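Read-outs throughout are calculated quantities, based only on the coordinates presented, and are distinct from any laboratory measurement. Remember, it's a predicted structure, so these values are computed and weren't measured experimentally. Cβ placement follows ideal geometry from the backbone for every residue including glycine, while neighbour counts extend to all protein chains displayed.
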Amino acid sequence: MSLLRRAERRIDRRDSGETLVEIVLTVVIIGVAVTALVSALATTATASTTNRSTVDADTVMRNFAEAIKDAALRCVEAAPIVVGYTPPVGFAATATPADAMCPAVTATKRLTLDIDGPSGVHQHMEIVVRTP
Amino acid sequence: MIRAPGTEDRGAALILAIAFVVMIGTIGAGLAGLITSSANNRVSLQTLRTREYSADGAVQEAVAMVRGLDSDTTASCSAADGTAVSTINSIAIRVDWNAACSIIRNGDGELFVQRNVVFDACEDVGAVCVPSAVIVRAQVNFSDAPSGDVTDTFVQSWSVNR
């Protein structure tokens, strides 16, 4: 009888110890994994926002370039190139030189376009226009 | 009711933990792949756009050049074919052009030169643009006055091929 009780106590002790270790290990592993997962999700969200801003900036750049080319279609030699383009909220579009004139019919004009967008996004491109 | 620990329970926690870590790792790898893929797509989009506008600009320069080449000639089919290389957005673009030229007479008996010039723009590799490499192909009609000066340019077609 006493032998049986001793055996019961030994089994109880071993069970209790394993459960505690398992719980501690589980909590640590889950904690590390969840932290890693949350960090990965946060990084993905940031990268996604930056990507979206960049793609939006690309669209703004294309629209701006097309607006300038469209304005150049109405060009008259030595007259200013009048561009009617308003970038979306949060974006700034600039063309250099700002006061470009329509080139002679046998020449072309190079314009440098810059787009600044949210999240510090910046895009730069050169286009060429001519007087028809 | 005392149950002795079964041998089949041993190590279950470790296996579960490994499975959990593998699952989280898979999710992490998926997210990393997503970010990389998006970034690559964005870079491709930008490269494509820059190349397209560079080719467009090179053709514009070639059109102006061809127009200038003909300004001092009389009513003859000159400046038929040619090549020019422009560097725009740090990309060297080659433009090859060839012209189909004809001389027409108006109702007053005046002679006019009508030239249809086809411009092919591609990335410069030191050789003539092959059709599969053409980025922009444009067909432009130049109308020349009897004096030889170009009076108008009409863009017949302007296509971005790749």
(message) List the residues, sorted by chain then number, that are 5 or more residues from B:N161 or on another chain and whose placed amide H is less than 5 Å from its amide H.
(response) B:V136, B:R137
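Work out the mean other chain Cβ neighbour count within 10 Å for the residues of B:83-91 and drop it here as an integer. Write down the numbers at each step before the final one.
Working: counts 0, 0, 0, 3, 1, 5, 5, 1, 1.
Average neighbour count from other chains, rounded to a whole number: 2.
For chain A, calculate the relative contact order in percent as a whole number, restricting contacts to Cα pairs under 8 Å that are 6 or more residues apart.
On the way: 151 pairs, mean separation 29.4, N = 132.
Over chain A, the number comes to 22 percent.
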(request) Any chance you could get the radius of gyration and Dmax over the Cα atoms of region A:58-132, in Å? (result) 12.5, 42
